[in-house]
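Trainee: Dumping the structure here so I can ask a few things about it.
The values are calculated or read from the model by the stated rules, or taken from the named source; none is laboratory data. In this text, all values refer to a predicted model and were calculated from it rather than measured experimentally. Cβ: placed from backbone, ideal geometry, glycine included. Neighbour counts: every protein chain shown.
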Amino acid sequence: MCGIAGMIDWRAATSADALRSIGEAMIETVRHRGPDAGAVWVEAESGAALGQRRLAIIDLSPGGAQPNYRDIRRELQAAGRSMRSESDTEVLLEACALWGVEAAIERAVGMFAFALWDRKTRSLTLARDRLGIKPLYYAATPQRVIFASQLKAFRAAPDWRPTIDDDAVVGYLRHAYIAQPRTIYREAEKLAPGHILMLREGMAPVPKCFWDLRGIAVAGQRRNDPAPDANEAVERLDALLRDSVGLRMIADVPLGAFLSGGIDSSTVVALMQAQSSRPVKTFSIGFHESGYDEAQCAKQVAAHLGTDHTEFYVEPRHALDVIPHLADWFDEPFADSSQIPTYLVSELTRKHVTVALSGDGGDELFAGYNRYLWTERVARAMKLVPRPLRGASAAALRSLAPQTWNRLFAFVPTSWRPALPGDKLHKITTLLDNPEPDAIYRRLVSQWERPDEVAAAGLEPRGPLWDPSIALDFPDLVPRMQFLDMVSYLPEDILTKVDRATMAVGLEGRVPLLDHRVVAYSWSLPLAFKVRGGRGKWLLRRVLDRYVPRSLIDRPKMGFGVPIDAWLRGPLREWAESLLAPARLASDGFVRVAPVRQAWQEHLEGTRNWQYPLWTVLMLQAWRERWA
């Protein structure tokens with residue numbers, strides 16, 4: 001669904017007119033998710049109001065979320081069900097009615113987040129797709145339940161008086177997002193990926209898992225089958241991806257793709273073009289600052305594949321235009337600064353198409369992040385160095401500002417030079433105190449290393465990063481990091497960012513690499529099919545070799561970032577200073593003034609690069625200004 005919201009008054013004490021008014025007000029807050037149409041269904045005797053906003057993709061479909069809906073439709077027709085439309089939403093509804101919710105969504109390949117009201121049992125069922133591509137929030141009390149695609153809809157519900165979850169704020173300062181099941185409010189929760197929740201009057205909400213990523217990953221890791229033949233593995237992955245991409249190209253509206261020129265998006269676009277009789281429309285974002293710009297690489301890949309390519313170069317003024325709206329689109333604190341270019345490329349894309357495919361998920365599935373490659377090596381090396389020498393090494397590395405290191409690395413050949421080496425070296429200095437691999441990983445995915453010392457109140461929630469049982473299920477470090485990323489960083493950061501940015505402009509984003517069949521296959525592969533020769537994504541690279549010359553792809557991983565460090569010292573400085581003013585920080589009460597102001601001063605002086613920790617505070621303050 002593109003945008004849903006609703007309320008069930010268990011007492012059925014709300015009039016039909018009032019229910020309709022509430023439903024319309026709630027769904028209006030997520031109009032941007034479905035700008036084409038909206039509707040509210042009301043049943044006063046049940047106390048039910050369910051609303052949806054529609055982005056027209058396939059016939060009457062609100063979201064075009066089920067790419068294999070035609071297969072399910074044929075199965076339903078064979079069982080005697082008649083269809084009134086070509087809508088995938090009608091197919092999903094009929095499937096739930098015939099087989100039950102769990103059996104229906106087990107057949108579904110795509111993304112979804114939906115609510116289903118059963119008149120006979122007076123029960124509400126909420127369901128969210130396997131990987132968490134689409135969001136779903138709920139707040140349940142003995143008197144009622146409210147639900148929505150975004151938290152902002154709850155503000156339109158009567159008597160919604162939420163309180164800030166201080167513990168969630170501490171976790172946010174570490175991760176730059178609020179991890180499920182928590183939200184910024186104590187009274188609301190996120191439904192976890194791969195879960196359904198049935199609610200009845202008087203029944204406590206207990207989500208149930210219908211797709212167990214951990215079980216699938218563990219089973220794949222423990223398989224004793226002989227390693228597959230490399231050529232057969234390439235053929236199998238190519239076929240899986242081709243089918244996944246092809247299914248997600250089904251639409252009655254213009255369709256395109258994001259293209260960065262990296263392995264993931266290039267693979268998706270190559271498979272789209274291989275199945276299209278016309279040039280695929282592709283879109284990319286560029287930066288004038290070196291170390292961030294991939295637009296030239298994207299242009300070369302587009303030219304080779306023959307796509308209809310459009311690019312847009314981002315300047316600080318574009319960021320300044322976007323920043324005031326971020327708290328509206330990300331309606332709880334969220335601080336991945338690539339939210340800015342993700343929105344801008346979505347805005348560019350929406351001018352031309354209604355649906356866009358992206359390459360998200362490839363890093364997690366096929367071990368593409370740099371941390372997968374060098375965390376264990378760094379840990380082994382550090383254990384050989386006496387602690388005093390590690391401290392001296394850290395001091396030496398920190399003695400030069402990140403910008404100075406970047407200039408020195410300019411003499412290193414491009415093929416060996418990482419993006420933003422100064423930032424990476426400064427980050428390494430924070431790892432030298434603890435050579436344990438899990439501690440290194442935890443630091444690498446943290447913004448503030450000790451968020452409890454920055455937050456004004458609260459205790460940090462202990463999520464998967466501190467779960468010792470995960471190391472038992474994943475004894476090898478790289479698969480362990482992959483799994484942790486897939487249950488935390490992927491749904492809470494990457495997919496949240498893409499969903500909010502695309503939906504802000506009424507664009508449907510689809511992620512073919514996260515087809516659950518591809519996910520399961522990736523976990524069945526030996527690690528050597530992912531990491532080989534000191535590089536990740538070995539098997540995915542071999543698939544891409546069939547379509548794009550290696551010379552266009554082989555380069556250090558850059559990531560989809562923005563030069564926030566320089567912008568905060570320049571064009572964004574005045575905006576940041578207003579949010580980080582001592583009196584403002586003290587008055588808002590989320591963070592301690594001293595550590596934040598110290599980080600801000602060091603960043604302005606160029607002695608430390610605090611861009612990411614500072615961005616978490618800035619986005620928290622901006623959210624406070626808009627919503628709290």
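Trainee: Which of (1) in contact with a Pro (Cβ under 8 Å, 6 or more places away or on another chain); (2) surrounded by fewer than 21 Cβ atoms within 10 Å (Cβ to Cβ) is the odd one out, the single condition residue 601 does not satisfy?
Mentor: (1)
Trainee: Another one. If you take the residues in the range 215-232 that are among the charged types (D, E, K, R) and exposed (fewer than 11 other Cβ atoms within 10 Å of the Cβ), which one is modelled with the lowest pLDDT?
Mentor: Of everything passing the filter in the range 215-232, 225 is modelled with the lowest pLDDT.
Trainee: Further, regarding this structure: With a cut-off of at least 1 residues that are under 30 Å from residue 628 (Cβ atoms) and not acidic (Asp, Glu), name the strands (runs of 3 or more DSSP E) lying wholly within the range 255-367.
Mentor: Correct list: 308-314.
Trainee: Here are some conditions: (1) part of a helix (DSSP H, G or I); (2) in contact with a Gly (Cβ under 7 Å, 6 or more places away or on another chain). Residue 102 meets all but one. Which one does it not meet?
Mentor: Going through the list (1) part of a helix (DSSP H, G or I); (2) in contact with a Gly (Cβ under 7 Å, 6 or more places away or on another chain), residue 102 breaks only (2).
Trainee: What number of residues within the range 134-158 satisfy the criterion of being charged (D, E, K, R) and under 17 Å from residue 496 (Cβ atoms)?
Mentor: Residues that pass the stated criteria total 2.
Trainee: If I filter the range 322-347 down to residues being under 16 Å from residue 616 (Cβ atoms) and aliphatic (A, V, I, L, M), which single residue comes out as modelled with the highest pLDDT? If you could, list the steps in order and put the result at the bottom.
Mentor: The first filter runs over the range 322-347 and keeps only residues under 16 Å from residue 616 (Cβ atoms), leaving 323, 326-327, 330, 332-340.
Those left that are additionally aliphatic (A, V, I, L, M): 323, 326-327, 335, 340.
Numbers: 323: 92, 326: 95, 327: 94, 335: 98, 340: 94.
Among residues in the range 322-347 that are under 16 Å from residue 616 (Cβ atoms) and aliphatic (A, V, I, L, M), the one modelled with the highest pLDDT is 335.
Trainee: In the range 442-561, which helices (runs of 4 or more DSSP H) lie fully inside it and hold 1 or more residues that are under 30 Å from residue 167 (Cβ atoms)?
Mentor: Counting at least 1 such residues, we get 468-473, 477-484, 495-504.
Trainee: Could you list all residues from the range 331-344 that are under 22 Å from residue 36 (Cβ atoms) and in the same structural domain as residue 500 (by TED's automatic domain parsing)?
Mentor: Our first condition is that a residue be under 22 Å from residue 36 (Cβ atoms); within the range 331-344, this holds for 331, 343.
Within the range 331-344, 343 is the sole residue that qualifies.
Trainee: Would the range 511-527 turn up any residue that is more than 25 Å from the chain's Cα centre (by Cα) and among the basic types (Lys, Arg)?
Mentor: No, the conditions are met nowhere in the range 511-527.
Trainee: Any residue in the range 530-541 that is in contact with a strand residue (DSSP E or B) (Cβ under 7 Å, 6 or more places away or on another chain) and at pLDDT 95 or above?
Mentor: yes
Trainee: Take the range 601-625 and flag every residue that is basic (Lys, Arg) and at pLDDT below 95.
Mentor: Listed by number, the list holds a single entry, 608.
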